[in-house]
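Working notes for the structure below.
The values are calculated or read from the model by the stated rules, or taken from the named source; none is laboratory data. Note that the structure is a prediction, hence the values are computed from the model and not measured. Cβ atoms come from the backbone with ideal geometry, glycine included; neighbour counts cover every protein chain shown.
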Amino acid sequence: MEHCCEHRTKQRSQEEYTALIHRLSRIEGQVRGVRKMVETDAYCTDILTQVSAIQAALNAFNRELLSNHLRSCVAEDLRNGKDETIDEFVQTLQKLMK
């Protein structure tokens, strides 16, 4: 059972956990690849292209995590009358949109 608690933690399903960890592992690999490109004097445009791919991967990770958060923690809090969760969610969106 997925749930949020007062300690600001979340118990994730195995499926959600696996999907998030898989995305992060791919991103780690991409970052290591860019480091190797810098170390081997790769062409700037090629490095920038890979960095752009990393940013897109991070954005996809954020979208998945945000969607999961909205469907679980935020929805649960709203059902329980915790309207302050809306303010927290809006602040989170504002940070992501910088």
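Numbers at a glance
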read-out: Residue list for the stretch 70-92, filter: in contact (Cβ under 8 Å) with a residue 24 or more places away in the chain and either at positive phi or not hydroxyl-bearing (Ser, Thr, Tyr) (or both); value: Cys73, Glu76, Asp77
read-out: Residues located in the stretch 75-98, provided they are surrounded by 14 or more Cβ atoms within 10 Å (Cβ to Cβ) and within 16 Å of the chain's Cα centre (by Cα); value: Phe89, Thr92
read-out: Matching residues, the stretch 8-28, being in a helix (DSSP H, G or I) and small (Gly, Ala, Ser); value: Ala19, Ser25
read-out: Qualifying residues in the stretch 49-98 (those that are small (Gly, Ala, Ser) and assigned to a helix (DSSP H, G or I)) - the one farthest from Ile21 (Cα to Cα); value: Ala75
read-out: Those residues of the stretch 49-79 which are under 20 Å from Phe89 (Cβ atoms) and of a type in the set (Val, Ile, Thr), in sequence order; value: Val74
read-out: Meets criteria (in a helix (DSSP H, G or I), at pLDDT 95 or above and over 25 Å from Lys98 (Cα atoms)) for Val31; value: no
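Here's the yes/no breakdown for (1) surrounded by fewer than 15 Cβ atoms within 10 Å (Cβ to Cβ); (2) of a type in the set (A, V, I, L, M, F, W, C); (3) touching a Cys at 6+ places or on another chain (Cβ under 8 Å); (4) at pLDDT below 95:
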{"residue": "Cys5", "(1), (2), (3), (4)": "yes, yes, no, yes"}
{"residue": "Leu24", "(1), (2), (3), (4)": "yes, yes, no, no"}
{"residue": "Thr40", "(1), (2), (3), (4)": "yes, no, no, no"}
{"residue": "His69", "(1), (2), (3), (4)": "no, no, no, yes"}
